[in-house]
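Structure, as structure tokens:
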Amino acid sequence: MKTLRLACLPLLFALPVSTTWSQAASQPKPTGETRAQVKAETAQAIHDGDVEFGETGQKENEAFPNRYPKKPMPPGETRAEVKSELNTARKEGEVPLSETGEKPREINPKSYPPQPTEPGLTRAQVRADTQAAIRAGDVQVGETGETLAQQNPSRYAGSPAKPPKLNLHLPHKAKPTATAASAPAN
């Protein structure tokens, strides 16, 4: 019994040491910031109100904007730039005339230069896309809105469609020959 206690004694001391080593190995590596830098960043965040407030996840400067200095707004467009954009929009007929929102370009499109359009797909590209969609079963059929793949899932199960095997060579039944044994007796 005494031997058993002595044998278990090293295991009791090894357990706390092994958990300490595993905890030390699992802790994150330092990021390179010094303690003073972290303290300075934290103090600045508290001063600016960039610390979460309560359980809502809202920051203090959002909850109490009067307590903190306002953040500077990014510089906007100058008055000259705004006037220039407005004159360009008027020349192109893009400024609505009334409360209905109709633009002069929509009322009289011939009075304004045509708007540039982006190049679309070529006829060959459209045909190739359509054929690929038909092969994949992505084409809607009928008024239900179902695709071919939804109507015939076994045919469009990710592999090319295989035609059903038809057995065109049916065995011919031999015609019975008339024999005396098979002839009806009177």
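Values quoted throughout were computed directly from the atomic coordinates according to the rules given, and no laboratory measurement underlies them. Everything quoted here is computed from the prediction, not taken from an experiment. A quick note on method: Cβ atoms are made from the backbone with ideal geometry, for glycine too, and the neighbour counts reach across all protein chains shown.
What shape does the range 58-157 have by the C-alpha gyration tensor, where a ≥ b ≥ c are the square roots of the eigenvalues, rounded means a/c under 1.5, and otherwise prolate means a/b greater than b/c and oblate the rest? Since a/c reaches 1.5 but b/c is at least a/b, the shape of the range 58-157 is classed as oblate. With the simple model of a label 7 Å out from the Cα in the direction of the Cβ, residue 147 to residue 111 spans 4.8 nm.
Taking 0.36 nm per residue of sequence separation and removing the Cα-Cα distance, the residue 130/residue 77 pair yields an extension gain of 14.4 nm. Extending 7 Å from Cα along the Cβ direction at residue 154 and again at residue 118 yields two label points whose distance is 4.4 nm. In this structure the amide hydrogen of residue 53, modeled in the peptide plane, comes within under 5 Å of the amide hydrogens of 58, 59, 60, none closer than 5 places in sequence on its chain. Counted by neighbouring Cβ atoms within 10 Å, the residues 110, 83 run from fewest to most as 110, 83. Charge tally for residue 43 (other residues, Cβ to Cβ under 15 Å; Lys, Arg +1; Asp, Glu -1): -3. Between residue 63 and residue 95, the modelled label-to-label distance comes to 4.7 nm, taking each label 7 Å out from Cα in the direction of the beta carbon.
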